[in-house]
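Presented below is the structure to which this report refers.
The values are calculated or read from the model by the stated rules, or taken from the named source; none is laboratory data. For clarity, every value in this text was computed on a predicted model and none was experimentally measured. All Cβ positions, even for glycine, are placed from backbone atoms using ideal geometry, and neighbour counts span all protein chains on display. Only protein heavy atoms, including side chains, enter the accessible area calculation; ligands, DNA and RNA are left aside. Shrake-Rupley method; radii C 1.70, N 1.55, O 1.52, S 1.80 Å.
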Amino acid sequence: ETGVTQTPRHLVMGMTNKKSLKCEQHLGHNAMYWYKQSAKKPLELMFVYSLEERVENNSVPSRFSPECPNSSHLFLHLHTLQPEDSALYLCASSQEPGGETQYFGPGTRLLVL
Amino acid sequence: GENVEQHPSTLSVQEGDSAVIKCTYSDSASNYFPWYKQELGKRPQLIIDIRSNVGEKKDQRIAVTLNKTAKHFSLHITETQPEDSAVYFCAAGGGYNKLIFGAGTRLAVHP
């Protein structure tokens, strides 16, 4: 359960705020991911990083800005979000991108007012 | 583009019955098929996976079957228990830098 950690676990922000989500993996993996999970919707892949290089950007609005300073840390910077961005944001990691088991963090539940 | 379809979206069974969830995938290059269980308020967790060189895999009460020709794979849960109640996601990977997830199946096991 401690392989992938995320902070904060809960976040409430106004539409004009700037905040950051943090993910850390302690598994020695080379790939990290951000997903958005809304109520009654499937997991939506947002970004994929492999060895700190972004290899996938799934048409995510620019108000979401990822950062991967090293292979163990992944951030998601948020600014001028909309209420429809309220969701559970999940981080995951895997040994390599693609056909490998992904291990998920506990998620950050975000509410945008 | 790549796609994974999952059925049914909801499934309700009596305790002790079996449950089957089916997925089909579009990318013939996919070679890895995991299944995740997500309990309410918790993270998705891997429960079983299968690679394309194997047709079936079993782990106690859960099993997964893969038909590469038809591009579909299924999760089978036998002797269901209330603690099996959760959302189950299938996924396919290997062809791209990511796993493609199905939309999920909400399983309810009634005592």
Of (1) open to solvent by 80 Å² or more (accessible area, probe 1.4 Å); (2) assigned to a strand (DSSP E or B); (3) aliphatic (A, V, I, L, M), A:Ala39 satisfies every one except (2)
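Restricting attention to region A:16-58, and to residues there that are out of contact with any Phe, Trp or Tyr (no Cβ under 8 Å at 6 or more places or on another chain) and of a type in the set (Ser, Thr, Tyr), which single residue is farthest from the other protein chains (Cβ to nearest Cβ)?
Within region A:16-58, the match that is farthest from the other protein chains (Cβ to nearest Cβ) is A:Thr16.
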Counting only residues in region B:23-34 that are part of a strand (DSSP E or B) and away from chain A (no Cβ under 11 Å), the one nearest to the chain's Cα centre (by Cα) is identified as B:Cys23
By residue number, the members of region B:64-108 that are open to solvent by 10 Å² or more (accessible area, probe 1.4 Å), over 11 Å from the mean Cα position of the chain (by Cα) and of a type in the set (Val, Ile, Thr) are B:Thr69, B:Thr78, B:Ile100
Out of (1) without any contact (Cβ under 8 Å) to a residue 12 or more places away in the chain; (2) within 12 Å of chain A (Cβ to nearest Cβ), the one B:Ile50 does not meet is (1)
